[in-house]
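Report on the structure given below.
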Amino acid sequence: MAEKWFRLPEAGAGEKRLLLSYWAYRIFGAWILRVIAIFVSITVFLCVKERREASLRFYRIIKKAPLMSSLKQFINYGNALVDKFISFAGDFDTERFIIDNLEIYNGAFFITTHIGNIEILRSLISKFKDKRINIFLQANACRVFNNFLKKFEVKVNAEVFPVEEINLETSILISERLKAGELVFMAGDRVSAQNSNTVYKADFFRKKIPLPLGTLRFALMMEAPIYFIVCAKEGKKYKVSTRKFENYKKNKKETINELKREYAEFLEEYTLKYPYQFYHFYDITE
């Protein structure tokens, strides 16, 4: 059994590599990043055993040819990182999004997945000056992202919070922002290092997987409209798919059980729809 994601050394882009990529992008354009991304993706696939084995197990679970599917997943992820970077730089073309009326999502709490490229939605939302977003990330990713924005004075209508440090003050702040019409994004498919024991077991392709209970509890506590969301690539565009949670029950326990079930079904449905864009790369089974 592979180690869980939070016990493994980070193989993704750190702060120095992010800054180097920024200058390469500004000098040479996106093409150089895509060339580098393909090279790095293949290198990680060949050399980082834990990631490769976790990916191969995943494709065996969903009954796809493991080796070629895994390699495709790694290369797709590299290209997704480039799109994400272009988005952070403020240069992503919003005509590449396929989405229903964004205006209906007012004061919404989005429970995200690691399917596709949810982070690039910031490019679309930034075009609406009255739409501010609040994002919860792992503490290290939060630090890298914030330092990048500060160093290059990138202006965004977003604030990033470390998911491990949610407290009463954070809860009150987020509740107030939701009531003011702002949007909140928090992942529902990756267990936090600080809360690795606060999980529930969900059905996922006839397997049991641990998912973070804290995300669901926090979403319900905010008393805002809850949506599940995926932003996945279709051809050259990104399609945004959402599903509103509406099946509230008479008591809190029944409601959270229903939220668990519906989110797990949503995760499985869209994993099957976009199997080569499930960018988890860690052992997700028990």
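Could you list, in sequence order, all residues of the stretch 94-117 that are among the aliphatic types (A, V, I, L, M) and surrounded by fewer than 18 Cβ atoms within 10 Å (Cβ to Cβ)?
ILE98, ILE99, LEU102, ILE104
Name the single residue, out of those in the stretch 28-62 being aromatic (Phe, Trp, Tyr) and exposed (fewer than 14 other Cβ atoms within 10 Å of the Cβ), that is farthest from TYR274 (Cα to Cα).
PHE28
For the stretch 119-139, give me the residue count where each residue is of a type in the set (Phe, Trp, Tyr) and either under 20 Å from ARG190 (Cα atoms) or at pLDDT 90 or above (or both).
Of the residues in that region, 1 qualify.
Determine whether the stretch 254-266 contains at least one residue that is at pLDDT below 95, assigned to a helix (DSSP H, G or I) and basic (Lys, Arg).
Checked the stretch 254-266: no residue is at pLDDT below 95, assigned to a helix (DSSP H, G or I) and basic (Lys, Arg).
Out of (1) crowded, with 18+ Cβ neighbours inside 10 Å; (2) within 27 Å of MET221 (Cα to Cα); (3) at pLDDT 75 or above; (4) not hydroxyl-bearing (Ser, Thr, Tyr), the odd one out for CYS142 is which?
(3)
From the residues in the stretch 63-93 that are loosely packed, with under 15 Cβ neighbours inside 10 Å and not basic (Lys, Arg), which one is nearest to SER241 (Cα to Cα)?
The residue in question is ASP93.
Take ALA54 and tell me if it is in contact (Cβ under 8 Å) with a residue 24 or more places away in the chain and out of contact with any helix residue (DSSP H, G or I) (no Cβ under 6 Å at 6 or more places or on another chain).
In short, yes.
Write out, first by first residue and then by second, each pair whose Cβ atoms fall under 9 Å of each other, whose residues are 6+ apart or on separate chains, and whose first residue, in the stretch 262-286, is in contact (Cβ under 8 Å) with a residue 40 or more places away in the chain and under 20 Å from ALA219 (Cβ atoms) while the second is assigned to a helix (DSSP H, G or I) and of a type in the set (A, V, I, L, M, F, W, C).
That search, which allows pairs on different chains as well, returns TYR263/LEU216.
Go through the residues of the stretch 93-102 one by one and say whether even a single one is in contact with a Ser or Thr (Cβ under 9 Å, 6 or more places away or on another chain), over 24 Å from TYR22 (Cβ atoms) and among the hydroxyl-bearing types (Ser, Thr, Tyr).
no
Give the stretch 222-257 a look and list any residue that's touching a Cys at 6+ places or on another chain (Cβ under 6 Å) and under 15 Å from GLY107 (Cα atoms), or say none.
Those that are touching a Cys at 6+ places or on another chain (Cβ under 6 Å) and under 15 Å from GLY107 (Cα atoms): none in the stretch 222-257.
Quick check on this structure: which one of THR215, THR170 is closer than 16 Å to ILE133 by Cβ and among the polar types (S, T, N, Q)?
After applying the criteria, what remains is THR170.
Between ALA224, ALA232, which is assigned to a loop (DSSP other than H, G, I, E, B), touching a residue at least 60 places away in the same chain (Cβ under 8 Å), touching a helix residue (DSSP H, G or I) at 6+ places or on another chain (Cβ under 8 Å) and closer than 30 Å to THR94 by Cβ?
Of ALA224, ALA232, the one residue that is assigned to a loop (DSSP other than H, G, I, E, B), touching a residue at least 60 places away in the same chain (Cβ under 8 Å), touching a helix residue (DSSP H, G or I) at 6+ places or on another chain (Cβ under 8 Å) and closer than 30 Å to THR94 by Cβ is ALA224.
Taking the stretch 235-258 as the region of interest, how many residues are surrounded by fewer than 15 Cβ atoms within 10 Å (Cβ to Cβ) and touching a residue at least 40 places away in the same chain (Cβ under 8 Å)?
2
Can you find a residue in the stretch 79-89 that is aromatic (Phe, Trp, Tyr) and farther than 22 Å from GLY181 by Cα?
yes
Name every residue in the stretch 160-218 that is under 16 Å from the mean Cα position of the chain (by Cα) and either part of a loop (DSSP other than H, G, I, E, B) or surrounded by fewer than 14 Cβ atoms within 10 Å (Cβ to Cβ) (or both), in order of residue number.
GLY188, ASP189, ARG190, VAL191, SER192
Within the stretch 235-269, count every residue that is within 29 Å of ARG52 (Cβ to Cβ) and touching a helix residue (DSSP H, G or I) at 6+ places or on another chain (Cβ under 9 Å).
The total comes to 4.
The values are calculated or read from the model by the stated rules, or taken from the named source; none is laboratory data. Remember, predicted model here, so these are calculated numbers, not experimental data. Cβ sites come from the backbone with ideal geometry, for glycine too, and all protein chains shown count toward neighbours.
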